[in-house]
Amino acid sequence: MVEMNMAKAINLALLEAMTKDPKVIVMGEDVGPDEGVFRITEGLFAKFGGDRVIDTPLAESGIIGTAIGMAIYGMKPVCEIQFSGFDYYNYHQLESHAARFRNRTRGRLTVPMVMRAPYGGGIRALEHHSESREAIYAHTPGLKVVIPSGPRNARALLHSAIQDPDPVIYYEPKACYRLFREDVPETMETLPIGKAQVVKQGKDITLISYGASMRATLEAAETLEEDDGVKPEIIDLLSICPLDTDTIIESVKKTGRAVVIHEGPRTCGLAAEVIARINEKVLMYLEAPVVRVTGYDVPIPYFSKEQAFLPDSDKVLNAARATLSF
Amino acid sequence: MPRTPIELPKIEYLSILNEHGELDKALEPKIDPKGLIEMYRYMLLARRTDERMLLMQRQGRCGTFPQSSGHEAISMGSIFNINKDDWHVPAYRELAGLLYRGWPLEHILLYWNGFEEGASPPEGVNDLPVCVPIATQLLHAAGIGMAMNIEERDGGNKKKEKKVVMTYFGDGASSEGDCHEALNFAAVFNAPVVFMCLNNQYAISVPLSKQMRNETIAQRAVAYGIPGIKVDGNDVLAVYQAAKEAVDRARNGEGPTLIECLTYRVTPHTTADDPKRYRDEEQTKEWVLRDSLPRFAKYLQQKGVMNEKQLAALEEEIDTQIKAAVANAEEMFKSEELLNPLAMFDHLFEDIPPYLQEQKDELRDHFKTKGKDWSNPQKKSTKAPASSRK
């Protein structure tokens, strides 16, 4: 085991994937000599050179569009979009082409590529540098969407994303890049896309989250245990599309209560989908309505007020207590 | 049939006041002394504000921001050609122009300190706010220009003069699809837009040579069928002259112009960037010597427009102005009115729909559980920010 932060773990996964498979290439803005604005591509340009670590012109649609061509040709591009707030420029290429080529050609042409982008608030960044729009991608048929929450699952999920035969959106909670360190195994590992993890077993209430919001969720769970004597079960979705319905419903069957937490806006957010599936499958097991703690339906405010927008442990705690005392 | 060459317009490079302060008398634009002093004032005000903000950022008193130092001549030389009725559509290094247009210094400080209020254009200013996404603002500029044409044809413009739009983008932005679309729309619809390209040769770490293969950005004008010119972007007179010709053409109904202004980003991209990772900073030192301000000051002195004493007095005046604005802005940063998180719901739509009101109430109640009632934020007596325009 080696202890490292999430930024390093993602960097390690890129290094390992590129070493293992010569078809894996990295492309994006400032990923070369600058090694990425968050230093995620550190050391890669020096090791693999400009043919495999490509500084592109400043054009997100260009990055994703050409990556689609490369993927169809047989490469495995791992694209970095500098901030998720700039990936709307390339959404068209993903929606209209990356997500459709397999379906359109009845399986003859496929697009095995990854789009990585840092998402989410909490780092006092400028406008367009803090939003959380994973639901747009989850809502796009033909795309898989994974979001790690810590160093170990970040590395494993990125390997899975790169090895996947279809386009995968890999959203990185930038607030977690250097927030904490964790043991990561010496040998490469993967995590199945489409599978959630029960990170803590419990029996009284299910807390469901992913990405950066896992921190607030874990904090709230600790208080629930210590102050309220409640045993929460915590699910880290990891993959928001495909969504692991089985893990969610098995837990809710046991607890009868759930809170879903994410920082993306509420309307048509992931929580809405999770709750719909709970209602479809295990409504009769519920002891209380499922509550969501989410970002609000406004653009995340500039940084003087961004903390009020984000789910924090107090909000999660209040929601959990309301659910428990329903 | 023989192959026949197609004649295309040639692209010119314009320099009037070079880095040594030498003037090409034949090309010198006619700007009255009052105008020259005004141009110098806002260039200096922008420079000193930028420097003060950098200091504040290092002290934790300002958020991440893209420095504008080194781009003042481009902003000022162009904006000086347009009037209040005309429109200013900036990117994010047009500090001189924003201040000249009347944006209070407090707004600039608020914006880069994470307050939306800083992005709200002051009354009577036809400006869009700073635009962070790359090249997107160019389409808005083209659209404003198209609307001006429609208004003009409808007889809606009661002024004698046709209005124009002045917009800005960087060399990196020239790679975005929106840049192409904006230039093409403006050309097709003959929109009165002046496209100012700040070619500072770096898009964060990516040098111009990796951004494009063409020798100039200006030559793209040929492809759109519009006039294009490349100028020394550290020469405020050259920028002024090229922009003046472009504005004159636009007012005359001759449509858009593309002006490439060559400079160099002598600062990091933003305060979060470290250029030592990707470029030789010796080259930066050479470009610092080509700075627009000293050569312009020298020109003003040689022309007898300002003497050393007056230049020093202006420095002092600007210093006082910035200090007062910083003090006022820092009071505003602490004011409950501006810190009220419930305000995040107030301007999404004209009226707040029920589902959003519910979310607003939810957040209000959440703060109440923590002992804070944001329904009645305390009023703090801060001064209303004044226009930066003297």
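Taking region A:21-52, which residues are in contact (Cβ under 8 Å) with a residue 24 or more places away in the chain and assigned to a helix (DSSP H, G or I)?
Across region A:21-52, the qualifying residues are A:Leu44, A:Lys47, A:Phe48.
Among the numbered criteria (1) in contact with a Ser or Thr (Cβ under 8 Å, 6 or more places away or on another chain); (2) over 22 Å from A:Tyr302 (Cβ atoms), which one does B:Met332 miss?
(2)
Take region B:6-25 and flag every residue that is among the acidic types (Asp, Glu) and closer than 22 Å to B:Ile217 by Cβ. Break it down stepwise before answering.
Of all residues in region B:6-25, those among the acidic types (Asp, Glu) come to B:7, B:12, B:19, B:22, B:24.
B:Glu7, B:Glu12, B:Glu19 - these are the residues of region B:6-25 that are among the acidic types (Asp, Glu) and closer than 22 Å to B:Ile217 by Cβ.
Inside region B:311-368, can you point out the residues that are at the interface with chain A (Cβ under 9 Å from one of its Cβ atoms) and under 28 Å from B:Met43 (Cβ atoms)?
Selection gives B:Phe333 alone.
Can B:Thr382 be described as at pLDDT below 95, exposed (fewer than 15 other Cβ atoms within 10 Å of the Cβ) and outside the structural domain of B:Arg48 (by TED's automatic domain parsing)?
Values: at pLDDT below 95: yes; exposed (fewer than 15 other Cβ atoms within 10 Å of the Cβ): no; outside the structural domain of B:Arg48 (by TED's automatic domain parsing): yes.
When the stated conditions are applied, B:Thr382 does not pass them.
Those residues that are under 18 Å from A:Arg215 (Cβ atoms) and assigned to a loop (DSSP other than H, G, I, E, B), I need them from region A:173-188; list them, please.
Once the filter is applied, which keeps residues that are under 18 Å from A:Arg215 (Cβ atoms) and assigned to a loop (DSSP other than H, G, I, E, B), region A:173-188 yields A:Tyr177, A:Arg178, A:Leu179, A:Phe180, A:Arg181.
Restricting attention to region B:253-270, does a residue exist that is surrounded by fewer than 18 Cβ atoms within 10 Å (Cβ to Cβ), part of a helix (DSSP H, G or I) and assigned by TED's automatic domain parsing to the domain that holds B:Gln67?
For region B:253-270, residues surrounded by fewer than 18 Cβ atoms within 10 Å (Cβ to Cβ), part of a helix (DSSP H, G or I) and assigned by TED's automatic domain parsing to the domain that holds B:Gln67: absent.
Taking the options A:Thr56, A:Thr19, name whichever one is under 23 Å from A:His129 (Cα atoms) and of a type in the set (S, T, N, Q). Give the steps one after another, and end with the answer.
Details: A:Thr19 fails: under 23 Å from A:His129 (Cα atoms).
Just one listed residue meets the conditions, A:Thr56.
Filter region B:163-189 down to the residues that are assigned to a loop (DSSP other than H, G, I, E, B) and buried (at least 19 other Cβ atoms within 10 Å of the Cβ), then identify the one that is nearest to the other protein chains (Cβ to nearest Cβ). Steps first, please.
As a first pass, look at region B:163-189 and keep what is assigned to a loop (DSSP other than H, G, I, E, B): B:163-164, B:171, B:176, B:189.
Restricting the remaining residues to those that are buried (at least 19 other Cβ atoms within 10 Å of the Cβ) gives B:163-164, B:171, B:176.
Details: B:Lys163: 28, B:Val164: 27, B:Asp171: 9, B:Glu176: 5 Å.
So the residue we want is B:Glu176.
Does A:His139 satisfy the condition of being closer than 21 Å to A:Leu94 by Cβ, assigned by TED's automatic domain parsing to the domain that holds A:Tyr73 and surrounded by fewer than 21 Cβ atoms within 10 Å (Cβ to Cβ)? Break it down stepwise before answering.
Details: closer than 21 Å to A:Leu94 by Cβ: yes; assigned by TED's automatic domain parsing to the domain that holds A:Tyr73: yes; surrounded by fewer than 21 Cβ atoms within 10 Å (Cβ to Cβ): yes.
Yes, satisfied.
At least 1 residues that are within 14 Å of chain B (Cβ to nearest Cβ) and under 21 Å from A:Arg266 (Cα atoms) in each: list the strands (runs of 3 or more DSSP E) lying fully within region A:76-166 that qualify. Quick ask: steps written out before the conclusion?
Numbers: elements: A:76-80, A:114-119, A:144-146.
Correct list: A:114-119.
Restricting attention to region B:280-328, which residues are loosely packed, with under 14 Cβ neighbours inside 10 Å and of a type in the set (Lys, Arg)?
Matches in region B:280-328: B:Lys285, B:Lys303, B:Lys309, B:Lys323.
I'd like the full set of residues that are within 16 Å of A:Ser313 (Cα to Cα) and of a type in the set (A, V, I, L, M, F, W, C), limited to region B:349-376.
We begin by selecting, within region B:349-376, every residue within 16 Å of A:Ser313 (Cα to Cα); these are B:362-363, B:365-370.
Passing the criteria: B:Leu363, B:Phe367.
Those residues that are touching a strand residue (DSSP E or B) at 6+ places or on another chain (Cβ under 8 Å) and buried (at least 24 other Cβ atoms within 10 Å of the Cβ), I need them from region A:13-26; list them, please. Reasoning before the result, please.
So in region A:13-26, the residues touching a strand residue (DSSP E or B) at 6+ places or on another chain (Cβ under 8 Å) come out as A:14, A:17-18, A:21, A:23-26.
Selection gives A:Leu14, A:Val26.
Please work out which residue is farthest from the other protein chains (Cβ to nearest Cβ), limiting yourself to region B:84-115 and to residues that are in contact with a Lys or Arg (Cβ under 9 Å, 6 or more places away or on another chain) and free of Cβ contacts under 8 Å to residues at least 60 places away in the same chain.
Per the stated criteria, the residue is B:Lys84.
Look through A:Val290, A:Val259 and report the one residue that is under 20 Å from the mean Cα position of the chain (by Cα), of a type in the set (A, V, I, L, M) and more than 10 Å from every other protein chain (Cβ to nearest Cβ). Outline the logic, then answer.
Values: A:Val290 fails: under 20 Å from the mean Cα position of the chain (by Cα).
Going through A:Val290, A:Val259 in turn, the sole match is A:Val259.
Out of everything in region A:28-60 that is more than 12 Å from chain B (Cβ to nearest Cβ) and farther than 15 Å from A:Pro151 by Cβ, what residue ends up being surrounded by the most Cβ atoms within 10 Å (Cβ to Cβ)? Before you say what the answer is, go through the steps one by one.
Let us first name the residues in region A:28-60 that are more than 12 Å from chain B (Cβ to nearest Cβ), namely A:40, A:43-44, A:47-49, A:51-53.
Adding the requirement that they be farther than 15 Å from A:Pro151 by Cβ leaves A:43-44, A:47-49, A:51-53.
Numbers: A:Gly43: 14, A:Leu44: 21, A:Lys47: 11, A:Phe48: 19, A:Gly49: 11, A:Asp51: 7, A:Arg52: 17, A:Val53: 24.
Going through the qualifying residues, I end up with A:Val53.
For (1) within 14 Å of another protein chain (Cβ to nearest Cβ); (2) buried (at least 23 other Cβ atoms within 10 Å of the Cβ); (3) modelled with pLDDT of 95 or more, each residue gets a yes or a no:
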| site | (1), (2), (3) |
| --- | --- |
| B:Leu36 | no, no, yes |
| B:Arg52 | no, no, yes |
| B:Gln57 | yes, no, yes |
| B:Glu72 | no, yes, yes |
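Look at B:Tyr278 and say whether it is among the aromatic types (Phe, Trp, Tyr), farther than 30 Å from A:Val298 by Cβ and within 14 Å of chain A (Cβ to nearest Cβ).
Values: among the aromatic types (Phe, Trp, Tyr): yes; farther than 30 Å from A:Val298 by Cβ: yes; within 14 Å of chain A (Cβ to nearest Cβ): yes.
Yes: the conditions hold for B:Tyr278.
The values are calculated or read from the model by the stated rules, or taken from the named source; none is laboratory data. Remember, it's a predicted structure, so these values are computed and weren't measured experimentally. Positions of Cβ are generated from backbone atoms using ideal geometry, with glycine treated the same way; all protein chains shown enter the neighbour counts.
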